[in-house]
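Rule-based calculations on the coordinates, nothing more; no lab input. A quick note: this is a predicted structure, and the numbers were derived from the prediction, not measured. Cβ placement follows ideal geometry from the backbone for every residue including glycine, while neighbour counts extend to all protein chains displayed.
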Amino acid sequence: MVTVAYTIIDVFVFAIGATIGSFLNVLVYRLPRELDFVRGFSFCPACKHRLVPRDLVPIFSWIFLKGRCRYCGAKISFRYLVVEASCGAAGLLLYLFIPSPAQAILFFAVFCVLLAIALIDADTQTISDGLNIALGVLAVVSIWIGPEVALSSRLIGLAAVSVPLFVIMLLINGAFGLGDVFLMIAAGFLLGWQGALVALFIGLIIGGVYGGVALARRKKGRKDHFAFGPCLAIGIFVSLLAGDRMIDWYLSFF
Ligand SMILES: [Zn+2]
């Protein structure tokens, strides 16, 4: 009986995560288009038909409709399903592995904000100020909830990565955007300066691999811009979860 109860709770937590992921999909679509993402009915972007609750069940609606609009048959991006499933999985994993409920919720909120930043940057090559501010607010809340980072480290973190990025942005036109700089100000306060460096390092590796692959496939020329936000977002979240251990591991070589 106890096992069944735990399973029901796990499914419930996953469902909440997936539902928040569904809302995130709406936000990622509407925010760059300056549409109201809090009010207003959901509608199909192709035929503008209003969607009813049975069209909006996270994960299941996409699968039952085979990734197409019920009304006009337009394709619904596979990404909607991936975002809902990954928010469900992230919610469940954080719930299972982080002992403090408050910290699990905070980390999940950080995950959602970073995912929205990454998706919007991939779509539009811009990072919304609102989402950077949201990350900054979560960073301030984290002073009380954790990760445990000294305030001095957080304050240095405001500038440790953002200032070098800003200088590179001025020197190399199009290398980074101001959105990346603001993102690393917020992330620096969240992670502290050591964690922010880890995040940047991971971001640069992912960006380098992605850029190399894209170049090899000749999808992008050497001068084309590509969104660095998703790389930084992954780096920030990995650093949030495992930055301490990665720094200890690195220092163990000296
Ligand atoms: Zn439609």
Relative packing of 129-135, 144-150, 106-112, which averages over residues the other C-beta atoms within 10 Å, highest first: 106-112, 129-135, 144-150
Spread of Cα-to-Cα distances over 5 Å intervals beginning at zero, given as percent, for the chain: 1, 6, 11, 15, 16, 15, 14, 10, 6, 3, 1, 0, 0
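Output the relative contact order of the chain, whole-number percent, from Cα pairs under 8 angstrom with separation of 6+ residues.
Taking the mean separation of contacting Cα pairs over the length of the chain, I get 17 percent.
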Ranked by how many other beta carbons lie within 10 Å on average, peptides 39-51, 238-250 from highest: 238-250, 39-51
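How many Å³ per residue does the convex hull of the Cα positions in region 1-97 occupy?
Hull volume normalised by residue count: 111 Å³.
Place the peptides 89-98, 153-162 in order of packing, highest mean first, counting for every residue the other Cβ atoms within 10 Å and averaging per peptide.
153-162, 89-98
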Mean Kyte hydropathy of -1.0 or more with a Cα span along the axis of at least 15 Å, helices from DSSP in the chain: 2-30, 78-97, 101-124, 129-145, 178-216, 229-251
Positive-end extreme of charge dipole, region 68-156 - chosen from Pro147, Phe97, Cys87 (charges on Cβ): Cys87
Amide hydrogen neighbours beyond the local backbone of Phe43, cut-off 5 Å, H modeled: Leu51
Kirkwood-type radius of region 125-254, with distances r between different C-alpha atoms, in Å: 15.1 Å
